[in-house]
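Chemist: Quick one: this structure, given as structure tokens, is what I'll be asking you about.
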Amino acid sequence: MKRVYLSMLLTTFLYPNDELESINVIEKATTQIVEDVSGEEIESADLADALQQNIADVSIVRRSGVANDIILRGQSRDNINVLIDGAKIYGACVNRMDPPISHVITHAVENVEISEGGFDVENFGTLSGKVEVRTKKPSKGLRGEVGANIGSFGYRGFRGTLEGGDKKYRFLITGSTEQSEQYKDGNGDDLATQLENYAESHGLKGYEYAPKYRDMDAYKKDMFMGKLFFNITDNQELRFSYMGNRSDDVMYPSSKMDAIYDDSNLYNFEYIGKNLNNFSDKLNLQIYKSDVEHPMSTQYRVVGQEKYMTHKLTTNMRGAKLKNSKDGLTYGIDTSTRNWDGKYYMTMVKMGKTKMIGNSISDVDTDNIGFFVKKSFKMDKMELSLGARYDDTSIDTKSSERDRDYNGFSANIFASYNLPNKSKILGGVGKSNRVPDARELYNTKYKKLDDGSMKRIVNGNPNLDQTQNYEVDLGFEKKFDNGKIKVKSFYSKLKDYIYYNGSKMVNAFENIDAKIYGISLTGGFLIGDNISLNGGLSYKRGKKDDPLEGQTDKDLANISPLKLNASLNYDYDEQGYIQLSLIASSKWKDIDSDNGEQELAGYGVLNFKTAREFDNGVEMTFGVDNLLDKTYATTNTYKDLILMTDNSDTMLINERGRYIYLNAKYKFGK
């Protein structure tokens, strides 16, 4: 039975040479591979939740029962690059209700590669990390699977896959549907009750859910993916794929609006040629297009029963990349265009009329072209990687604000050196950049004046500079006969870091200088023939060089505290196992109190899981998350998100209480 404990135990711990021979030294040193997300680990379509439960360096921004965002090494939003099979998709929501990782069809994920630090030169905008999701490729023959998941709080999901082909043609078709009622925290409070409790205690009546929506489902989500691969010749291949997401009625209780729907499409084309001539070991051309439509509204709240506001946003992405590799040298060109547009509408319920109030983001185009080169060397006991990239970016808006142009140069060097006794030291230095996005530059809000007119307020800042990250990473690895450990540390100096000043209404985004540093420990060991122990421990701190204008706090937001992920696994035979895992965090006390964060208590959560593969093609997984039914919160309340607040205390969303689930799937064909 193939199992991966969602850590570095397999792939990068016990079998690094078998699985990662083609990956260069940077990827070996800074990357964690997460596998089997689509197998035993799948509990819902929320990939962010699966990652934070199993990787110590990843934490979650909890907003809802699904479509949550991630934080990697204290970085979030556009500071992390998210790729799906090498293509990009951006969320449309200015309030991060639909982050890029939420548009992935989870049950079709082959693996997730998490790369930490600014050492990626192939992709535009990788400031502090990259999350690359790789979906399954079609295989030969004819095979398929059907599956069903049920869980606490009315969760139910169904999925199916059919794939096949021969040496020349291969195809894969897969789809899923799922929905869930509102989960309850350890106190027994569902999402609507958590909002009611906060509104009542803080005098914020009106934004509770209206009685007819009080018991609505938390979300409904349908996803589809299709792939078609052609082998033109023995060394040339064409790949076509499509991924679609349709999410409806997603509750966001800690915000003033909910998502009416999220619709996204991702079209992807690749040409791959191997050993075409003396100048190319591998030539790759990729062209992709993605689009997202996201209307959010007060329609389901008490204040929206006579009239409600809708904020409708769209984003479109087009990109292409051409790269060639020869003898460890890779070079290429990367280009993309992102459009982002948003409008506010007001609907009068009784009259049945809707009028536009104004633009939030006025049809903004971000055009980029980048040139990159990287080279890997192996010299006796040392492996060395070098990389560089140049970017030219223009940002054009249809509003009255100024257009912007940016140029950026990124470069890095990373090395590892093999020591005696199966040990290795590794380290690197790098510089990376990312430009401000349309929200940070131009986001506009509206305030109703006494005479009934609407005042336009530019919450973004058209004068922002691009952020530059100067980073140093150091690490040490040690292999044993029964396992491996790795220690990594980093220091990141952020120049012109884009940060939200919650004390300002106008031009609230600012450039500041700051630093983030931290250390992590990951490891995995076999104990005898049937037991394994693996886990990770992560700690980081973030500080501003100087407080923001009108403030005194120098702590950076979103810097989660010491976090531990650990699991004990018992293989009782070749077809089944039992796992007990722990997720724990210390108290979150280093907070940016000037910008809405609050102290959070530490927590420790136990999860249980067992899985069994039967000879007839059936696989079953049973699990219990939060075994002891703890009440706790992992997400803080930085004001760069628009959350429920009385301006002194912001609403927290608790994690779900005890969650019991059963997954079953049946595989057929060969």
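Chemist: Ala259 fails exactly one of the following numbered conditions: (1) in contact (Cβ under 8 Å) with a residue 60 or more places away in the chain; (2) surrounded by fewer than 22 Cβ atoms within 10 Å (Cβ to Cβ); (3) not aromatic (Phe, Trp, Tyr). What is the number of that condition?
Modeler: (2)
Chemist: Hey, another quick one. Looking at Thr637, Thr645, Thr650, Thr610, can you tell me which residue is within 30 Å of Lys504 (Cβ to Cβ), in contact with a Gly (Cβ under 8 Å, 6 or more places away or on another chain) and surrounded by fewer than 21 Cβ atoms within 10 Å (Cβ to Cβ)?
Modeler: Thr645
Chemist: OK, next. When residues of the stretch 127-145 are filtered for being aliphatic (A, V, I, L, M), touching a Gly at 6+ places or on another chain (Cβ under 7 Å) and open to solvent by less than 10 Å² (accessible area, probe 1.4 Å), how many remain?
Modeler: Step one: filter the stretch 127-145 for residues aliphatic (A, V, I, L, M), giving 127, 131, 133, 142.
Next, from what is left, pick out any that are touching a Gly at 6+ places or on another chain (Cβ under 7 Å): 127, 142.
Now restrict to residues that are open to solvent by less than 10 Å² (accessible area, probe 1.4 Å): 127.
Residues that pass the stated criteria total 1.
Chemist: Could you list all residues from the stretch 51-102 that are within 15 Å of Lys130 (Cα to Cα), more than 10 Å from the chain's Cα centre (by Cα) and among the basic types (Lys, Arg)?
Modeler: Correct list: Arg73, Lys88.
Chemist: Of these, Glu163, Glu178, Glu237, which one is assigned to a strand (DSSP E or B), within 27 Å of Asn626 (Cα to Cα) and of a type outside the set (A, V, I, L, M, F, W, C)?
Modeler: Values: Glu163 fails: within 27 Å of Asn626 (Cα to Cα); Glu237 fails: within 27 Å of Asn626 (Cα to Cα).
None of the other options fit; the residue is Glu178.
Chemist: Report whether or not Asp367 is under 30 Å from Val458 (Cβ atoms) and open to solvent by 20 Å² or more (accessible area, probe 1.4 Å). Working first, answer last.
Modeler: Details: under 30 Å from Val458 (Cβ atoms): yes; open to solvent by 20 Å² or more (accessible area, probe 1.4 Å): yes.
In short, yes.
Chemist: Suppose the filter is open to solvent by 50 Å² or more (accessible area, probe 1.4 Å), at pLDDT 95 or above and more than 24 Å from the chain's Cα centre (by Cα); does Lys350 pass it? Before the answer, list the steps.
Modeler: Values: open to solvent by 50 Å² or more (accessible area, probe 1.4 Å): yes; at pLDDT 95 or above: no; more than 24 Å from the chain's Cα centre (by Cα): yes.
So Lys350 fails the test.
Chemist: Moving on to the next point. Read through the list (1) open to solvent by 70 Å² or more (accessible area, probe 1.4 Å); (2) within 24 Å of Asp481 (Cβ to Cβ); (3) in contact (Cβ under 8 Å) with a residue 60 or more places away in the chain, then give the number of the only condition that Leu521 fails.
Modeler: Going through (1) open to solvent by 70 Å² or more (accessible area, probe 1.4 Å); (2) within 24 Å of Asp481 (Cβ to Cβ); (3) in contact (Cβ under 8 Å) with a residue 60 or more places away in the chain one by one, Leu521 breaks only (3).
This table checks each residue for (1) within 24 Å of Ser560 (Cβ to Cβ); (2) more than 27 Å from the chain's Cα centre (by Cα); (3) open to solvent by less than 50 Å² (accessible area, probe 1.4 Å); (4) of a type outside the set (Asp, Glu).
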{"position": "Ile583", "(1), (2), (3), (4)": "yes, no, yes, yes"}
{"position": "Val605", "(1), (2), (3), (4)": "yes, no, yes, yes"}
{"position": "Leu627", "(1), (2), (3), (4)": "yes, no, no, yes"}
{"position": "Lys630", "(1), (2), (3), (4)": "yes, no, no, yes"}
{"position": "Ala633", "(1), (2), (3), (4)": "yes, no, yes, yes"}
{"position": "Arg658", "(1), (2), (3), (4)": "yes, no, no, yes"}
{"position": "Lys667", "(1), (2), (3), (4)": "no, yes, no, yes"}
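Chemist: Is it the case that the stretch 443-456 has a residue that's under 30 Å from Lys343 (Cβ atoms) and among the aliphatic types (A, V, I, L, M)?
Modeler: From the stretch 443-456, those under 30 Å from Lys343 (Cβ atoms) are 443-456; that's our starting set.
Then drop every residue that is not among the aliphatic types (A, V, I, L, M), which leaves 449, 454.
Yes; the residues of the stretch 443-456 include at least one that is under 30 Å from Lys343 (Cβ atoms) and among the aliphatic types (A, V, I, L, M).
Chemist: Consider the stretch 168-185. How many of its residues are basic (Lys, Arg) and surrounded by fewer than 18 Cβ atoms within 10 Å (Cβ to Cβ)?
Modeler: The total comes to 1.
Chemist: Is it true that Glu477 is of a type in the set (D, E, K, R), open to solvent by less than 40 Å² (accessible area, probe 1.4 Å) and not in a strand (DSSP E or B)?
Modeler: On the way: of a type in the set (D, E, K, R): yes; open to solvent by less than 40 Å² (accessible area, probe 1.4 Å): yes; not in a strand (DSSP E or B): no.
No, not satisfied.
Chemist: Now for a separate question. Yes or no: the stretch 643-664 includes at least one residue that is of a type in the set (D, E, K, R) and touching a strand residue (DSSP E or B) at 6+ places or on another chain (Cβ under 6 Å).
Modeler: We begin by selecting, within the stretch 643-664, every residue of a type in the set (D, E, K, R); these are 646, 649, 655-656, 658.
In the following step, the residues that additionally are touching a strand residue (DSSP E or B) at 6+ places or on another chain (Cβ under 6 Å) were identified as none.
No, the stretch 643-664 contains no residue that is of a type in the set (D, E, K, R) and touching a strand residue (DSSP E or B) at 6+ places or on another chain (Cβ under 6 Å).
Chemist: Mind checking which residues of the stretch 96-126 are part of a loop (DSSP other than H, G, I, E, B) and either open to solvent by 10 Å² or more (accessible area, probe 1.4 Å) or under 17 Å from Ser336 (Cα atoms) (or both)? If you could, list the steps in order and put the result at the bottom.
Modeler: Of all residues in the stretch 96-126, those part of a loop (DSSP other than H, G, I, E, B) come to 96-99, 104-105, 117-126.
Once the filter is applied, which keeps residues that are part of a loop (DSSP other than H, G, I, E, B) and either open to solvent by 10 Å² or more (accessible area, probe 1.4 Å) or under 17 Å from Ser336 (Cα atoms) (or both), the stretch 96-126 yields Arg96, Phe119, Asp120, Val121, Glu122, Asn123, Phe124, Gly125, Thr126.
Chemist: Another question, if that's okay. Suppose we keep only residues that are open to solvent by less than 10 Å² (accessible area, probe 1.4 Å) and within 19 Å of Met620 (Cβ to Cβ) within the stretch 556-581. Which one would you say is nearest to the chain's Cα centre (by Cα)?
Modeler: Result: Asn569.
Chemist: Also: Is there a residue in the stretch 658-667 that is free of Cβ contacts under 8 Å to residues at least 60 places away in the same chain and in a strand (DSSP E or B)?
Modeler: Filtering the stretch 658-667 down to residues free of Cβ contacts under 8 Å to residues at least 60 places away in the same chain leaves none.
No; the residues of the stretch 658-667 include none that is free of Cβ contacts under 8 Å to residues at least 60 places away in the same chain and in a strand (DSSP E or B).
Quick grid of which residues meet (1) of a type in the set (Gly, Ala, Ser); (2) modelled with pLDDT of 95 or more; (3) under 30 Å from Gln305 (Cβ atoms):
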residue	(1), (2), (3)
Lys167	no, no, no
Arg170	no, yes, no
Thr174	no, yes, no
Tyr183	no, yes, yes
Gly188	yes, yes, yes
Gln194	no, yes, yes
His202	no, no, yes
Lys205	no, no, yes
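Chemist: On to the next question. Taking only the stretch 388-418 into account, find how many residues are part of a strand (DSSP E or B) and without any contact (Cβ under 8 Å) to a residue 24 or more places away in the chain. Working first, answer last.
Modeler: Taking the stretch 388-418 and keeping what is part of a strand (DSSP E or B), we get 388-396, 404-418.
Filter once more, so that each one left must be without any contact (Cβ under 8 Å) to a residue 24 or more places away in the chain: 390, 405, 407.
The total comes to 3.
Chemist: Residue by residue through the stretch 626-648, note down the ones that are within 22 Å of Tyr252 (Cα to Cα) and acidic (Asp, Glu).
Modeler: Within the stretch 626-648, Asp640, Asp646 meet the criteria.
Conditions tested, residue by residue: (1) modelled with pLDDT of 95 or more; (2) more than 23 Å from Gly151 (Cα to Cα).
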{"position": "Leu600", "(1), (2)": "yes, yes"}
{"position": "Val605", "(1), (2)": "yes, no"}
{"position": "Phe608", "(1), (2)": "yes, no"}
{"position": "Gly617", "(1), (2)": "no, no"}
{"position": "Asn626", "(1), (2)": "yes, no"}
{"position": "Thr634", "(1), (2)": "no, no"}
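Chemist: Given the criteria within 25 Å of Arg96 (Cβ to Cβ) and within 29 Å of the chain's Cα centre (by Cα), does Ile395 qualify? Full working, then the answer.
Modeler: On the way: within 25 Å of Arg96 (Cβ to Cβ): yes; within 29 Å of the chain's Cα centre (by Cα): yes.
Criteria met by Ile395.
Chemist: Is it true that some residue in the stretch 240-251 is in contact with a Gly (Cβ under 9 Å, 6 or more places away or on another chain), open to solvent by 40 Å² or more (accessible area, probe 1.4 Å) and either modelled with pLDDT under 95 or in a strand (DSSP E or B) (or both)?
Modeler: Within the stretch 240-251 (the criterion being in contact with a Gly (Cβ under 9 Å, 6 or more places away or on another chain), open to solvent by 40 Å² or more (accessible area, probe 1.4 Å) and either modelled with pLDDT under 95 or in a strand (DSSP E or B) (or both)), the answer is yes, since at least one residue qualifies.
Residue by residue, here is whether (1) over 27 Å from the mean Cα position of the chain (by Cα); (2) among the small types (Gly, Ala, Ser); (3) over 26 Å from Ala199 (Cα atoms); (4) at pLDDT below 95 holds:
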{"residue": "Arg301", "(1), (2), (3), (4)": "yes, no, no, no"}
{"residue": "Lys312", "(1), (2), (3), (4)": "no, no, no, no"}
{"residue": "Gly319", "(1), (2), (3), (4)": "no, yes, yes, no"}
{"residue": "Leu322", "(1), (2), (3), (4)": "no, no, yes, no"}
{"residue": "Ser325", "(1), (2), (3), (4)": "yes, yes, yes, no"}
{"residue": "Gly328", "(1), (2), (3), (4)": "yes, yes, yes, yes"}
{"residue": "Ile333", "(1), (2), (3), (4)": "no, no, yes, no"}
{"residue": "Thr337", "(1), (2), (3), (4)": "no, no, yes, no"}
{"residue": "Trp340", "(1), (2), (3), (4)": "no, no, yes, no"}
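The values are calculated or read from the model by the stated rules, or taken from the named source; none is laboratory data. All values derive from a computational prediction rather than experimental measurement. A quick note on method: Cβ atoms are made from the backbone with ideal geometry, for glycine too, and the neighbour counts reach across all protein chains shown. Ligands, DNA and RNA are excluded from the accessible area calculation, which covers all protein heavy atoms including side chains. Shrake-Rupley method; radii C 1.70, N 1.55, O 1.52, S 1.80 Å.
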